[in-house]
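Colleague: Below are the structure tokens for one structure; questions will follow.
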Amino acid sequence: MNTTSTTTPTYLLALDQGTSSSRSILFTPEGQIAAMAQRELPQVYPQPGWVEHDARTIWRIQLETAREVLAQVGATPQQVRAIGITNQRETTVVWSRRTGEPIHHAIVWQDRRTEAFCAELRAGQHDARCGGSAEALVQQRTGLRTDAYFSATKLRWILDQVPGAREAAERGELAFGTIDSWLIWQLTEGREHLTDASNASRTMLFNIHTGQWDDDLLRLFDIPRAVLPEVRPSSSEFGHTTLLGGQLPIGGVAGDQQASLFGQACFRPGLAKNTYGTGCFMLMHTGDQAQASQNGLLTTAAAQPDARHAYALEGSVFIGGAVVQWLRDGLQAIRASGEVQQLAESVPDAGGVVFVPAFTGLGAPYWAGDARGAILGLTRGSTVAHIARAALESIAFQSAALLQAMSRDAVAHGGSPVSELRVDGGACANDLLMQIQADLLGIPVVRPKVIETTALGAAYLAGLATGVYRNLSELEAQWQVDRRFLPTLSRAEAAARMARWEHAVRQTLAA
């Protein structure tokens, strides 16, 4: 590792722009947190199923946190070696190239306003545009499912609904981007319109095999090529900013889940991580091969440390830590989320209760968007403590189903089952949940010392691009374990518990 001085500290600045907040974290080259600042991001709900953000507010509070975090430690711009950006994925912004002003609120990844159009594509009502099955084309070229979750139909909606937008886009007057592109544009004061492969791969417009925007997909979604940013590897030159003083290079960009995979030092095929947040996101690195899943997972671009392609399999749990929020706010079983572990530990097991928290449907590997939540197995002896334990177990059950699907895909492609699961996110601090997870999986669940791995991944990518780190081996050596949770349950009992979970899911789906 190279540093500029033995006495003056140097830093890497990570901008972590998420769905509910914007954060900036200052890391030392050793990967330790030196300072952190955060601002909440207001949510905009124009009507049911619609979720928006004010892109100008995103930029304002992100810049505020960046300035604040430097002030916390008295760091000068000269001490910051590089900036890395990680962001909520799929959220869509369109702005004027001349004024830099958005032409509409950002449409958030959670937004479902374009689901009807996606349903038409899945039903084959627009196949003529691509000369074959639209759904098959999307999956083959992008590794994604045809879903309103991704950016393409959000962009199409903005161009169709904002007066004059489509014509302006055709004339090259508008720019489209996910949040990383928006921040780069603002940081460079309109000089750079760029994204990275990991964010591009979440748009339904990017061919993950060629590493290029795809003409057939642009035709399918009626998107003018002129609005698209240039795609670069995740660790590369993304311009400079003078807005923090000096001239700071932007060296790393990755979508939040790919940044987390990188921050967990999952650089090799078969290494997997799970982020436990409001939902859960599990990714397994598959190397330079894009593996098509036969088990309900997505194929996506991983963060690219260089020009070579890198891929991952991904699965999402819609309701992870949010089930604890429901216990607090809906059931009012606890006053604070931190109380759930003590309540759940007050009983030895869930007493036969199984909680399927399908409040907004079930994600991978089930993909049942119209499913609704259910609590099964209640008896006169059931207590709120049993429900709390079943709620925690539901997070682990859903994640276990994801990892089992990943392992089946890995074996089908000539690899080996996942041998350990690296974890991060706020809920991974819950020791009981992590132990339940290890027991169900039958493999170690490993929590690192630094669990802010999303921001850390962005910092590492920026450090690689600017010579702070020589190679991936140096980053692997920095990854440190806080605790390793080892399975204590017999494989027969773990299989029986998973069978009860799957039976409960089938009952829920049949209801």
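Colleague: Out of all the residues in region 266-285, which are within 28 Å of R470 (Cβ to Cβ) and surrounded by fewer than 24 Cβ atoms within 10 Å (Cβ to Cβ)?
Modeller: If the condition is that a residue be within 28 Å of R470 (Cβ to Cβ) and surrounded by fewer than 24 Cβ atoms within 10 Å (Cβ to Cβ), then F267, R268, P269, G270, L271, H285 are the ones that fit.
Colleague: Could you figure out which of (1) touching a residue at least 60 places away in the same chain (Cβ under 8 Å); (2) open to solvent by less than 10 Å² (accessible area, probe 1.4 Å); (3) not in a loop (DSSP other than H, G, I, E, B) isn't true of V69?
Modeller: Of the numbered conditions (1) touching a residue at least 60 places away in the same chain (Cβ under 8 Å); (2) open to solvent by less than 10 Å² (accessible area, probe 1.4 Å); (3) not in a loop (DSSP other than H, G, I, E, B), the odd one out for V69 is (1).
Colleague: Hey, another quick one. Counting only residues that are surrounded by fewer than 24 Cβ atoms within 10 Å (Cβ to Cβ) and in contact with a Pro (Cβ under 7 Å, 6 or more places away or on another chain), how many does region 448-480 have?
Modeller: Count: 5.
Colleague: Among the residues that make up region 501-510, is at least one of them farther than 30 Å from G369 by Cβ, surrounded by 15 or more Cβ atoms within 10 Å (Cβ to Cβ) and of a type outside the set (G, A, S)?
Modeller: Looking for residues that are farther than 30 Å from G369 by Cβ, surrounded by 15 or more Cβ atoms within 10 Å (Cβ to Cβ) and of a type outside the set (G, A, S), one finds none in region 501-510, hence no.
Colleague: Kindly provide the set of residues from region 481-491 that are open to solvent by 80 Å² or more (accessible area, probe 1.4 Å), more than 27 Å from the chain's Cα centre (by Cα) and not hydroxyl-bearing (S, T, Y), ordered by number.
Modeller: Correct list: R491 only.
Colleague: Here's something else I'd like to know. Please specify each residue of region 92-106 satisfying the condition of being touching a His at 6+ places or on another chain (Cβ under 7 Å) and small (G, A, S).
Modeller: A106
Colleague: Next question. If I filter region 286-309 down to residues being under 14 Å from L475 (Cβ atoms) and surrounded by 22 or more Cβ atoms within 10 Å (Cβ to Cβ), which single residue comes out as farthest from the chain's Cα centre (by Cα)?
Modeller: P305
Colleague: What about A350, is it in contact with a Lys or Arg (Cβ under 6 Å, 6 or more places away or on another chain) and either under 17 Å from R506 (Cβ atoms) or part of a loop (DSSP other than H, G, I, E, B) (or both)?
Modeller: Spelling it out, A350 is indeed in contact with a Lys or Arg (Cβ under 6 Å, 6 or more places away or on another chain) and either under 17 Å from R506 (Cβ atoms) or part of a loop (DSSP other than H, G, I, E, B) (or both).
Colleague: Take the residues in region 350-385 that are in contact (Cβ under 8 Å) with a residue 40 or more places away in the chain, small (G, A, S) and at positive phi; name whichever of them is least open to solvent (accessible area, probe 1.4 Å).
Modeller: Per the criteria, the residue is G361.
Colleague: Output the number of the condition that Q342 fails; it satisfies all remaining conditions of (1) out of contact with any His (no Cβ under 7 Å at 6 or more places or on another chain); (2) assigned to a loop (DSSP other than H, G, I, E, B); (3) over 30 Å from G255 (Cα atoms); (4) not hydroxyl-bearing (S, T, Y).
Modeller: All conditions pass for Q342, except number (2).
Colleague: So the check is Cβ under 7 Å with 6+ separation or different chains; which pairs have a first residue in region 150-162 that's open to solvent by 10 Å² or more (accessible area, probe 1.4 Å) and a second one that's part of a helix (DSSP H, G or I)?
Modeller: From region 150-162, the pairs are R156/F221; D160/R166.
Colleague: Hey, can you tell me all the residues within region 461-497 that are part of a helix (DSSP H, G or I) and under 24 Å from I451 (Cα atoms)?
Modeller: Correct list: L461, A462, G463, L464, A465, L472, S473, E474, L475, E476, A477, Q478.
Colleague: Name the residue, out of Q78, Q110, that is outside any loop (DSSP other than H, G, I, E, B), within 27 Å of R23 (Cβ to Cβ), open to solvent by 60 Å² or more (accessible area, probe 1.4 Å) and not hydrophobic (A, V, I, L, M, F, W, C).
Modeller: Going through Q78, Q110 in turn, the sole match is Q78.
Colleague: To continue, here is another question. If W326 satisfies every condition in (1) open to solvent by 10 Å² or more (accessible area, probe 1.4 Å); (2) closer than 30 Å to L461 by Cα but one, which is the exception?
Modeller: W326 satisfies every listed condition except (2).
Colleague: Looking at region 386-408, I want the residues that are over 12 Å from P357 (Cβ atoms) and have a partner that is acidic (D, E) and open to solvent by 10 Å² or more (accessible area, probe 1.4 Å) with Cβ atoms under 6 Å, at least 6 apart or on another chain. Which pairs are those?
Modeller: none
The values are calculated or read from the model by the stated rules, or taken from the named source; none is laboratory data. Because the structure is predicted, anything quoted here is derived from the model rather than measured. Glycine also receives a Cβ, built like all others from the backbone with ideal geometry; neighbour counts cover every protein chain displayed. We work out accessible area using only protein heavy atoms, side chains counted, and drop any ligands, DNA or RNA first. Shrake-Rupley method; radii C 1.70, N 1.55, O 1.52, S 1.80 Å.
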